[in-house]
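Participant: Below you'll find the structure I mean.
Bear in mind these aren't lab numbers, they're just calculated from the coordinates by the rules spelled out. Predicted model only: the values in this text are computed from it and were never measured. FYI the Cβ positions are ideal-geometry reconstructions off the backbone, even for glycines, and counts take in every protein chain you see.
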Amino acid sequence: MRVLSFIAGLLLAVMVPAVAAAAPVLMISVDGLRPADVWEADQRGLKVPNLRRLAGEGIYATGVRNALPTVTYPNHTTLITGVWPAKHGVANNTTFDPFGKNMGGWYWYAEDIKVPTLWDVVHAAGGKVAAFSWPVSVNSPSIDYNLPEYWRARIPEDLKLLRAISTPGMIAELEAATGHPLAEAVGEDPDTNDVLCAYAAALIRAKHPALTTVHIAALDHTQHTFGPGTPQAHAVLERLDASVGRLVAAAREAEPGLVVAIVSDHGFADSPHGVNVQRAFAEAGLITTDPKTHRVTSWEAFPWGGGAAAIVLARPDDPALRARVSAALAKLAADPANGVERIVDGAEATRAGGTPQASFWIDFKMGYEAEGGPDGPALATPGNKGGHGWFPDHPEMRATFILAGPGVPHKGAIGEIDMRDIAPTLAKLLGVGLPSADGKPLL
């Protein structure tokens, strides 16, 4: 295995030129940022001067067509690879786990990415790479300064684990440089996101990486809790705009030739209706549970996801099982109360970039999403007021892209773009190649 890894590293080094006379890039992901919250900020009563200024300095998309499903981890992986989940391998936020053995585990680990990333090609070309709370980054050999996104129990003990999997010595240096302990940089609120941005600024000043990727999640968390477009969501976005402004200013002072990319992974919509697909499958004899513990003991078909639910079959090549599942889905879709837009064949969805693990997909109407266990009620009100994850065909799911800096033309709006174009665009600015990407440079 080590020999294969060594050979792969040599091949990757041959694929990319050395970083020379290229622009350093800072990519900041504002999780859940809707594009119109920037370019229609005045109409929406939003004060986001830093995001608006960056959009005015360079180019911005009126929308980014993103990956299926429109959730955080698959789309962040598309942002750094230029391919859809069918190729990069990060199929959802959480791993497929019908028995719950992984205890709600997510796709945290970089080894799950099956194609080269921007981190890989920059590192192979001799450039330094930094990442702050970026999804699917744990143990990436190409990130020189890594504070990954990771949790297990969501208690203070997690901080010890985060120190253990971050770049040795990095957290202590950043704590000393900023005066903020790690606990103040980890979370889904504006205060911790602001400290995380301060960490990134301190590292850029000290280490001058060629590529820095930063992920801040407070807006996503707030929109889940209160809904998009609410006063609470607007207040958080305005605070994050200030944090982004301070980070960009510090980074530009350290690197005058810096190119800044502001991105997001998905849009947002209200989600007032929960539909229990697991219960429907249990009633069809496709899921069995223990009557005392209500835990799944066996399954023949299982849903995976929310607004767009992938349907995974235990035996995908069994025509009798496919017929049973197809009948159960048709029954679910026939009831208007379930809000099913359409049932999509897995092969069709895979051609559109979704995971090949799915034999079917449920494309729910906006406002409806899969929720609940096999023994729960058929319909319920979701715990969150806002959501995402629906098919990328829905315009509400469009993501954000802004690019500004030397070498970026002052064109303003460039219309809608394909998310797969972002990674090769940044690779070109960085002076490296990313031939595995399916997108094309926008410049």
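Participant: Using unit Cβ charges (K, R positive; D, E negative) and no other charged atoms, how large, in debye to the nearest 20, is the dipole of the chain about its Cα centre?
Facilitator: Rounded to the nearest 20 debye, it is 600 debye.
Participant: Helix-only mean residue ellipticity at 222 nm, the chain, DSSP H runs n ≥ 4 weighted -39,500 (n - 2.57), per residue, nearest 500. What is it?
Facilitator: -10500 deg cm²/dmol
Participant: What is the antiparallel percent of DSSP beta bridges lying wholly in the chain, to the nearest 5?
Facilitator: Of the beta bridges lying entirely in the chain, close to 50 percent run antiparallel.
Participant: Please report the net charge: other residues with Cβ closer than 13 Å to the Cβ of ARG52, K and R +1, D and E -1.
Facilitator: -3
Participant: I want the antiparallel fraction of DSSP beta bridges within the range 273-383, as a percent rounded to 5.
Facilitator: In the range 273-383, DSSP labels about 85 percent of beta bridges as antiparallel.
Participant: Follow-up. Please give me the summed charge of the neighbours of TRP134: other residues whose Cβ is under 13 Å from its Cβ, Lys and Arg +1, Asp and Glu -1.
Facilitator: Cβ neighbours under 13 Å give a net charge of -3.
Participant: Something else now. Counting Lys and Arg as +1 and Asp and Glu as -1, what is the net charge of the other residues whose Cβ lies under 10 Å from the Cβ of THR78?
Facilitator: Overall, the nearby charge balance is -1.
Participant: Could I ask something else about it? Past the 29 Å Cα-Cα mark, which pairs from LYS128/LYS160; LYS87/LYS128; LYS47/LYS428; LYS114/LYS292; LYS207/LYS428; LYS411/LYS440?
Facilitator: Over 29 Å apart, Cα to Cα: LYS47/LYS428; LYS114/LYS292.
Participant: Okay, moving on. At R0 = 25 Å, how high is the FRET efficiency between ALA352 and GLU111 if r is their beta carbon distance? Nearest 0.05 is fine.
Facilitator: Efficiency, from the Cβ-Cβ distance: 0.45.
Participant: Here is a follow-up. Under DSSP H, which helices of the chain have Cα atoms covering 15 Å or more of the helix axis and a Kyte-Doolittle average no less than -0.5?
Facilitator: Once both thresholds are applied, what remains is 2-15, 190-207, 231-254, 319-334.
Participant: Starting from the Cα gyration tensor of the range 273-383, take the square roots of the eigenvalues, sort them a ≥ b ≥ c, and report rounded, prolate or oblate (rounded when a/c is under 1.5, otherwise prolate if a/b is larger than b/c, else oblate).
Facilitator: Cα axes put the range 273-383 in the oblate bin.
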